[in-house]
Every structure is written in C-alpha cells, then in structure tokens.
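Colleague: Provided herewith is a single structure, encoded as structure tokens, for subsequent inquiry.
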Amino acid sequence: MISRLTAHSWRPLGAHTSCHLGAQVCAQPQKNPGLNYWRQSTFRTYTSAHLDKPVVDLLYDLLPSDTGTRERPIVMLHGFLGSRRNWRTLARTFAKNLDRPVYTLDLRNHGNSPRATPMDYTSMATDVQHFLASKSLSEVCLIGHSMGGKVASLLALTDPSLLSSLIIEDTAPAPAPPEGAEQNMHYVELMERINELSLDDKRADLERKQVDAMLLEMGVEDITIRQFLLTNFAYSCSIDARRRGYFHPPLEIMKTYIHNLSAPFPLPLLSDGSNKGWGGKVLVVRGSKSPYLDSSKLALLKDVFPNMQLTTLDAGHWVHAERPGEFGAAVEEFLKG
C-alpha cells in the first residue's frame, strides 16, 4: 500500500474541501455564487509575498520495502512539470526487488506540494534536505531525473553525510541546453492557452482525450510528451457545479523562474576556486538520443563525482519512461554491487 503523507493535512482531488495550494478544488458549493470566483481562485496569479518561502514540506508517497525494513531508503525526484507519479511503477519494483523503502516526492510547485517562491535549485535542494531530516532518513540513495537530478547533485555536494549513493538521469550540474528552456516555456504557454479555453462555458467539460487532441493540434506530435503533460491535467468543479478541466501547476511561477533552471548551476566551490566534489557512489544514466549530456558535461560530472559510473541506454531525455526495464535493471545492478 502507498502512504500519501505530508506535514500538513491535505485532500486529493475529489475530496469534499479544497486541497493543495494554488487551485480551488471544490466539491461543495461556495456561499458567493458566480463563475468569476472560480476563475480567480483556480487561475490565481502567484505574486503574493506570502509565497516566498525558504523551505516547504514536500508531499510524498511511501512504498514500504518488501520485508518492512526502514534501512537504506531510496528517495526519487522528478523533472520539470513532473510529479511523484512519474516514478510509481519503478518505485514499486525497487521496493520489492531491493527490499528498501522508496519515497517519491513532489518538488515545490509540482504535483500536490506547496506553491512557493523562489523556484531554484538551492531552494529545492533545501526542501529535500528538510524532508530527509524530518523523516530521520540516513544512508539515502537519491535518484533524480533532469531537474530532479540537479537537485540531487546539489544536495550530494552540499550535505553528503545524508547519502550513501546518487543516481542521476540524463543531466549534469550545469546549464541545460538553450532549447531545453525554450521547450519548457513553450509547454507552459500551451497549458496557459488551454486553461483559458476551459473558462469558456462551451468548453467547460474538457476531457483528457480532447486536451490530447488540442496539444497535437498545437504541435506536440510526440504522444509520450503529450501523455507526460497530461499528468498535470486535473478536474475541478466551479461555483455553478460544472466540472472543469485545467492544468493545475502554478504556471505564473514557472514562467517567472523557468530561466533560473537553465542558468549557471550553483556549484559549491573550494577555497582555491575549484569545484567541490563528492567521492561517493554515483551512477549516471543517459539517453543516447538526448542532447543533455555532451562530452563537456560528462567531463564535469567526472570532475565533481570522481567515482561516477556511466550507463548509456537507447533513449531520449526521459530514459526511465522510454526504457523502464533497462533503467530499472541498471539501478538494481548498481545498488546491489
């Protein structure tokens, strides 16, 4: 059984009260009628000062180990516009095959974790550090894809005492390719356009199949990417009790901070100006068709993680989604070795 917990009480979509910060998800009528209330609460502009939070409590799922042991936990971090749900199948497999508890986290502004600013690697690494400390987790294997891999790398370099090993999927502690930031901004803008369309009464009951067709019409031809984007599509009932579909991430925050995630990485430095490294156990899994790990970034990884092992799979940037069996086997072999 999966435990869904956070330090703050919350309710999943479909519950009888509002849930995660940033979107009004209601199953009961409110006192002040009118669609405008629903528009304002669901597509809120995130500029309030109270969103500026140095640390937040992250929502997570826990997959218990096969025998119930709490030792040697695995903590998994998703990429931009992802969520803990991206790891669900692999998390179950690791918990069973490796006999380790597996935690999958929603990073800030993703999934059902709190909406907060700033949105940068230092803040996200601090959130994860806080999570590990609050759960008294040690000897952790931290696994991260893309943005999550950078968060995991920064934590390994700033607080290595928490970790036993690190697994990085198709990224490096360096700026992402310019096309990566442009592509992510494009996806966020598409979500905004569809959200605006969902405010039209004639489109109030948008279904996932319709949204998939809209994304295709807007130029997202890869079905894998469309399915990934649709993991952010949810349903809410408006004040007039009509169900409305919408993309629930805080898109204003993401647009504001998206270029921070492609800016120079905050690599910790030694007193002589050289990069601080970590000599722990590290596996890097890259996709042979992905542009994210070129020779210069592999050299940087080897510099900061001198004991790094490299595995290359026939895949693009989403290695674990395109090659789940091979990715899982590589992780299991690394952790059993």
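The values are calculated or read from the model by the stated rules, or taken from the named source; none is laboratory data. Owing to the predicted nature of the structure, the values given are computational and were not obtained by experimental measurement. Every residue, glycine among them, receives a Cβ derived from its backbone with ideal geometry; neighbour counts consider all protein chains shown.
Colleague: I need every pair where a residue in the range 129-154 that is modelled with pLDDT of 95 or more has its Cβ under 6 Å from the Cβ of a residue that is basic (K, R) and buried (at least 17 other Cβ atoms within 10 Å of the Cβ), sequence separation at least 6 or different chains.
Modeller: Every condition considered, the pairs that remain are E139/R72.
Colleague: Step by step: first the residues of the range 297-325, then only those that are under 20 Å from L269 (Cβ atoms) and of a type in the set (A, V, I, L, M), then the one that is farthest from the chain's Cα centre (by Cα). Which residue is that?
Modeller: Result: A299.
Colleague: Just to confirm my filter: which strands (runs of 3 or more DSSP E) fall fully inside the range 217-313 and include at least 2 residues that are hydrophobic (A, V, I, L, M, F, W, C)?
Modeller: Where strands (runs of 3 or more DSSP E) fall fully within the range 217-313 and carry at least 2 residues being hydrophobic (A, V, I, L, M, F, W, C), they are 233-237, 281-287, 308-313.
Colleague: Let me ask something additional. Mind telling me which of the residues S65, S18 ends up being at pLDDT 90 or above and surrounded by 15 or more Cβ atoms within 10 Å (Cβ to Cβ)?
Modeller: Just a single option satisfies the conditions, and that option is S65.
Colleague: So for the range 309-330 (the condition being surrounded by 13 or more Cβ atoms within 10 Å (Cβ to Cβ), basic (K, R) and more than 27 Å from H110 (Cα to Cα)), does at least one residue qualify?
Modeller: No - not one qualifying residue is present in the range 309-330.
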